[in-house]
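K.L.:
I am attaching a structure below and will ask some questions about it afterwards.
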Amino acid sequence: MTSPQGAGFAFTSPLRIAINGYGRIGRCVLRAIYESPLRDHIHVVAINEPSDLATMVYLSQFDSTHGIFPGIVEQNGDKLRVNGRDISVMHSSEPEEIDWAALELDLVLECSGRYGTRSQFERFIQSGCPRLLVSHPGESADDVDCTVVYGINQGEIPAQATIVSNASCTTNASVPVLAALDALYGVEHAFLTTLHSVMNDQPLIDGYHHKDLRRTRSAMQSIVPVATGLAQGVERLLPNLKGKVQAKAIRVPILNVSAIDLMLKLGQDVCTASLNETLMQLSQSSPGLIAYSNHPHASIDFNHNPNSVIIDGSQTRTNGEGFANLFLWFDNEWGFANRMLDAALAWADILEKEKTWQTCA
């Protein structure tokens with residue numbers, strides 16, 4: 001695995017991006033840029049968000065989950081100004097209403113969650129967007145040119161790709177661990193239960209909020225089972241596990257940080273101590289992506305944690321005949337937003353190397 005956050009990449013000029021949809025992930029993406037050395041590698045040129053600018057400024061400054069922005073956010077006329085750098089703001093509800101080409105962008109990060117099919121994504125491309133990085137999986141593998149989990153396949157983005165998915169937060173958390181265990185022991189079966197913090201497709205009180213009747217119930221009063229495509233997402237990235245993965249998801253009444261209870265049938269027996277030693281070594285070889293801890297944690301400990309996954313060694317269990325149980329923590333907002341930026345930089349690096357190769361040829 002390469003190191004995240006722009007280390008060792010070939011491109012020299014800052015990446016010019018726009019953010020479409022300035023909700024939880026969109027705001028975390030902007031904030032992650034300014035909280036890391038990425039501010040020297042990525043310039044946010046524009047944001048498209050239907051809400052008004054004053055509210056955008058306020059929610060950039062003050063965040064109930066991640067705290068006060070560690071810099072200066074202000075309104076400068078019709079622009080959002082962050083640490084003295086102006087960002088153009090549009091308030092369009094449809095991608096066709098924006099002249100993306102006029103912004104001279106390298107990439108648009110689609111963070112609204114409104115689009116899922118190829119025909120919907122292509123509306124951006126047809127409106128002048130050069131490339132689209134999507135903050136969730138496509139409805140099918142054919143809806144995007146490539147699905148990326150950083151640390152697994154970010155170097156495989158086709159140079160000619162225009163629509164790439166950053167998968168899901170749960171896929172980013174589980175796939176690196178499953179890939180490593182499959183390589184070392186062989187994974188015969190995997191069952192993942194995601195315990196996910198509440199999301200904005202749930203109401204605070206019971207209401208007509210979703211066609212899934214469970215999601216009409218109050219998010220903060222109940223544990224709510226929901227549908228998940230995690231199994232398909234894992235198999236899309238790890239085809240060797242096709243037919244071996246099952247998953248379910250449960251929403252729990254907290255604002256942020258989620259967990260995956262991972263049940264495994266491995267191809268060989270392994271004891272708890274040996275498995276934890278393997279997992280610790282995995283974290284040491286994957287800095288910034290996979291972390292390991294055996295302290296007595298609660299979920300709040302991982303709020304604003306930029307790793308894709310934190311393996312909780314205190315919860316590892318084995319039971320002979322290859323059976324193992326792991327517990328994986330992840331900040332479903334902050335970790336995922338950081339992986340979006342890593343994927344954007346990896347894509348830019350591929351394009352830069354392709355350009356250099358063509359020039360040399």
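The values are calculated or read from the model by the stated rules, or taken from the named source; none is laboratory data. In this text, all values refer to a predicted model and were calculated from it rather than measured experimentally. Heads up, the Cβs are rebuilt from the backbone with ideal geometry, glycines too, and the neighbour counts pull from every protein chain shown.
K.L.:
Kindly indicate whether I250 is assigned to a strand (DSSP E or B) and either of a type in the set (A, V, I, L, M, F, W, C) or modelled with pLDDT under 95 (or both).
P.N.:
Answer is yes for this residue.
K.L.:
Can you name the residue in the stretch 243-295 that is of a type in the set (S, T, N, Q) and in contact (Cβ under 8 Å) with a residue 60 or more places away in the chain and is also nearest to V149 (Cα to Cα) among such residues?
P.N.:
The selected residue is S286.
K.L.:
So how many residues does the stretch 61-95 have that are among the charged types (D, E, K, R), touching a helix residue (DSSP H, G or I) at 6+ places or on another chain (Cβ under 9 Å) and more than 16 Å from R31 (Cβ to Cβ)?
P.N.:
Total satisfying the criteria: 3.
K.L.:
Select from the stretch 279-298 the residues that are surrounded by 18 or more Cβ atoms within 10 Å (Cβ to Cβ) and hydroxyl-bearing (S, T, Y) and write down the one among them that is nearest to the chain's Cα centre (by Cα).
P.N.:
S286
K.L.:
Of A159, A179, A183, A190, which residue is surrounded by fewer than 17 Cβ atoms within 10 Å (Cβ to Cβ), modelled with pLDDT of 95 or more and either in a helix (DSSP H, G or I) or touching a helix residue (DSSP H, G or I) at 6+ places or on another chain (Cβ under 8 Å) (or both)?
P.N.:
None of the others qualify; the one that does is A183.
K.L.:
When the stretch 313-353 is examined, which residues are found to be farther than 27 Å from S112 by Cα, more than 20 Å from the chain's Cα centre (by Cα) and not polar (S, T, N, Q)?
P.N.:
The answer is G313, R317, G320, E321, G322, F323, A324, L326, E352, K353.
K.L.:
Give the residues of the stretch 315-343 that are part of a helix (DSSP H, G or I) and in contact with a helix residue (DSSP H, G or I) (Cβ under 9 Å, 6 or more places away or on another chain), sorted by residue number.
P.N.:
Within the stretch 315-343, W334, G335, F336, A337, N338, R339, M340, L341, D342, A343 qualify.
K.L.:
If you don't mind, there's one more thing I want to ask. What number of residues in the stretch 46-64 are buried (at least 21 other Cβ atoms within 10 Å of the Cβ) and in contact (Cβ under 8 Å) with a residue 40 or more places away in the chain?
P.N.:
Matching residues across the stretch 46-64 total 4.
K.L.:
Mind checking whether some residue in the stretch 115-131 is under 17 Å from the mean Cα position of the chain (by Cα), assigned by TED's automatic domain parsing to the domain that holds G26 and surrounded by 14 or more Cβ atoms within 10 Å (Cβ to Cβ)?
P.N.:
Yes, there is a match, as at least one residue in the stretch 115-131 is under 17 Å from the mean Cα position of the chain (by Cα), assigned by TED's automatic domain parsing to the domain that holds G26 and surrounded by 14 or more Cβ atoms within 10 Å (Cβ to Cβ).
K.L.:
Within the stretch 329-339, how many residues turn out to be hydrophobic (A, V, I, L, M, F, W, C) and either under 17 Å from A249 (Cβ atoms) or surrounded by fewer than 24 Cβ atoms within 10 Å (Cβ to Cβ) (or both)?
P.N.:
3
For (1) modelled with pLDDT under 95; (2) not assigned by TED's automatic domain parsing to the domain that holds S258, each residue gets a yes or a no:
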site	(1), (2)
S314	no, no
R317	no, no
E321	yes, no
L351	yes, yes
